[in-house]
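Derivation of every value follows stated rules applied to the coordinates shown; laboratory data play no part. These numbers were taken from a predicted model, which means no experiment stands behind them. Ideal geometry is used to build each Cβ from the backbone, glycine not excepted, and the neighbour counts take in all protein chains shown.
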């Protein structure tokens with residue numbers, strides 16, 4: 001809308017396969033505990049890149065780093081070739097206008113109806129006439145199959161519908177990057193399939209670079225072009241979903257097949273079991 | 001953080017002041033969307049109207065009873081109107097309105113903003129390159145700031161009516177004496193005291209409410225705690241400020 005569709009920061013014509021997001025040697029810690037240490041990932045233009053990993057591996061933190069909501073202690077995060085950490089507030093806002101983000105629960109504004117939610121970014125950033133806003137909003141809502149729900153309030157929507165509305169809102173400014181934070185959590189199989197198909201469609205039809213963070217291995221396997229498996233603050237495996245599925249690395253196998261015990265231990269670290277039961281002080 | 005109480009208090013006062021500065025800096029841009037502010041005046045003001053009017057009536061009536069009871073002992077029932085007018089204008093009107101306002105509108109501001117935070121609506125706005133302080137906080141702050149003096153005025157007028165209802169209509173104080181004593185005792189300075197107080201309390205309560213909401217823990221528990229803190233902090237703050245302002249106005253009289 002406000003940005004030319006295929007501009008890259010260095011001025012050269014953008015090509016499919018260029019790195020749009022580059023995370024290099026990033027360290028990030030919360031309260032002294034390292035979430036990432038030496039993280040390296042890349043997302044390339046026009047592809048769906050999936051980040052998988054057990055809960056608590058900082059998948060959402062990675063998104064916060066990419067969108068400039070948090071900054072790394074060490075290393076660089078580059079989006080469109082520019083370092084996010086170096087940006088001023090206004091540069092950051094300019095960057096975010098080129099990104100759309102789908103939140104876990106949709107994060108629709110509860111005091112606005114579906115139509116106004118989708119229109120929200122347009123009203124905030126453009127001076128389009130009411131006619132144009134209407135056309136854009138209805139087209140996007142139609143794309144997610146919810147044109148008929150335009151006048152419902154967010155509280156009247158099911159979880160899957162809310163996420164589709166949020167998706168319509170995320171694409172209304174025609175972003176170059178679409179970020180999905182746990183898009184499948186808490187959805188029934190039908191809604192899950194719908195969201196899955198929409199992610200693929202958005203990517204193919206609009207040529208958007210997509211980032212999907214999730215732990216739903218099977219859904220991701222059907223749509224992702226590249227995938228990363230994160231664990232313990234670093235990338236333990238990367239490649240196509242098929243490559244990951246065939247991997248012999250213990251951490252990858254544990255995650256991909258959902259084994260309770262493995263490199264990620266079933267038991268939280270504790271003292272000696274017998275001593276604990278007998279009430280003895282463990283040394 | 002394990003600061004001692006004074007340090008923690010100082011830190012908090014600093015944080016609230018910084019937040020106020022952020023709000024003030026965005027008032028100009030926020031005026032570009034007057035619709036948002038009008039909606040918040042409605043939310044904070046119109047929706048508090050019934051409880052303010054009801055409370056004003058009862059407070060006025062009690063002042064009528066109390067005044068009559070006390071002044072009758074000295075044979076000077078005519079002064080009931082003076083007590084009611086000065087008591088309401090200078091202290092009870094602004095203070096009680098502010099306390100009721102904190103309970104009715106302040107809590108709803110805090111829980112609303114806290115809920116928006118815990119459901120990631122505020123983050124979503126940031127991701128849409130919309131500043132949530134400007135879009136969510138400033139209109140609510142201004143709504144409260146504008147509504148509070150109007151509510152205090154309404155409260156005071158109704159309380160004055162309630163006092164004369166008891167004093168004149170029920171207890172039989174002479175209407176002419178009642179009003180002429182009142183007119184003689186009240187001057188513009190007293191009215192200003194009420195106006196200034198209600199403006200100050202409006203800022204205090206609205207600021208505490210939006211601050212607590214915006215800085216609440218983004219969990220259901222956190223929103224509940226923040227709402228409680230709004231009532232406690234703003235009530236104590238109102239009573240403290242009331243003392244300081246009363247003293248200041250006595251000095252300038």
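Details
- Oblate is the label for region B:1-59, because a/c, from the alpha-carbon gyration tensor with a ≥ b ≥ c as root eigenvalues, is 1.5 or above and a/b does not exceed b/c.
- Of all DSSP bridge pairs formed entirely within chain A, close to 55 percent run antiparallel.
- Per residue convex hull volume, Cα atoms of region B:182-222, in Å³: 64 Å³
- The overall shape of region A:164-283 is prolate: from the C-alpha gyration tensor, with semi-axes ordered a ≥ b ≥ c, the ratio a/c is 1.5 or greater and a/b exceeds b/c.
- The Rg/Rh ratio for the protein assembly as shown is 1.11, where Rg is the radius of gyration of the alpha carbons and Rh is the Kirkwood radius.
- Reciprocal mean inverse distance between Cα atoms of region B:5-252 - Kirkwood radius, Å: 19.2 Å
- Kirkwood radius and radius of gyration were both taken over the C-alpha atoms of chain A, and their ratio Rg/Rh is 1.02.
- Of the residues A:128, A:146, A:229, the one that moves most in a GNM of chain A with alpha-carbon contacts below 10 Å is A:128.
- Gaussian network model of chain B, Cα within-10 Å springs - most flexible of B:68, B:101, B:201: B:68
- GNM result for chain A, Cα springs below 10 Å: residue of A:266, A:228, A:28 fluctuating most strongly: A:266
- Segment residue B:228-residue B:39, extension gain: residue separation times 0.36 nm, minus the distance between their alpha carbons: 65.6 nm
- Angle in degrees between helix B:188-214 and the longest Cα principal axis of chain B, rounded to the nearest 10: 30 degrees
- Other protein chain C-beta atoms within 10 Å of residue C-beta, averaged over A:95-105: 3.
- On Cα atoms only, tilt of B:49-73 relative to the major axis of chain B in degrees: 30 degrees
- Dimensionless Rg/Rh of region B:150-253 - Kirkwood Rh, Rg from C-alpha atoms: 1.15
- Averaged over the residues of B:116-126, the number of partner chain Cβ atoms lying within 10 Å of the residue Cβ comes to 6.
- Seen against the Cα atoms of chain B and their longest principal axis, helix B:220-252 is set at about 40 degrees.
- Antiparallel bridges, percent of DSSP beta bridges restricted to the protein assembly as shown (to nearest 5): 55 percent
- CD proxy at 222 nm, helix term only [per DSSP H run n ≥ 4: -39500 (n - 2.57); per residue of the protein assembly as shown; nearest 500]: -17500 deg cm²/dmol
- Averaged over the residues of peptide A:110-123, the number of Cβ atoms from other protein chains lying within 10 Å of each residue's Cβ is 2.
- Region A:114-181-region A:233-277 distance, computed between alpha-carbon centres (Å): 39 Å
- Residue B:251 paired with residue A:29, simple spin-label distance in nm, labels 7 Å along Cα-to-beta-carbon: 5.1 nm
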